[in-house]
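As structure tokens, the structure follows; a few thoughts come after it.
The values are calculated or read from the model by the stated rules, or taken from the named source; none is laboratory data. Remember, predicted model here, so these are calculated numbers, not experimental data. FYI the Cβ positions are ideal-geometry reconstructions off the backbone, even for glycines, and counts take in every protein chain you see.
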Amino acid sequence: MMYDLFTGRFEYLNKLFARSLLQGFSLAAFWSPYFAGIIAFVGLFLALFILEKWLHFNVLLLISILAISYSIAWSLAIKKIKQYVFSLKDYFTNVALNVHTESIMIISATFFSQRVLLTNFPAFLSSLF
């Protein structure tokens with residue numbers, strides 16, 4: 001895209017200006033919200049794996065603890081704890097009351113996975129891999 005925009009000028013530009021354009025576009029991608037999201041996502045996964053190794057808790061419990069503590073720490077870091085509390089109140093008054101379908105799906109999936117563990121299928125999968 002840069003080449004198409006500046007094709008006539010690239011012939012006469014020195015290397016310093018061409019590098020600055022390239023670095024400018026690179027830094028714009030680096031500081032985009034997507035990059036910050038990709039970093040937060042990786043941070044959560046690393047925290048989950050590290051805490052699971054150290055604490056030996058159930059992963060579902062660790063995910064819940066991380067979700068709560070990470071969101072509190074993030075809202076404190078960006079100094080928006082009041083908005084966080086407001087969002088939390090909104091969640092419990094409007095969203096949490098309507099999660100019956102999701103809860104039933106999670107309970108059913110957990111029940112199904114526990115039933116599968118009682119069969120020979122996990123041993124078959126392990127031998128396959």
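Over 24 Å from residue 110 (Cβ atoms), part of a helix (DSSP H, G or I) and at pLDDT 70 or above, is that true of residue 87? Against the criterion (over 24 Å from residue 110 (Cβ atoms), part of a helix (DSSP H, G or I) and at pLDDT 70 or above), residue 87 qualifies.
Every residue in segment 68-108 that is of a type in the set (D, E, K, R) and loosely packed, with under 11 Cβ neighbours inside 10 Å, please.
79, 82, 89, 102
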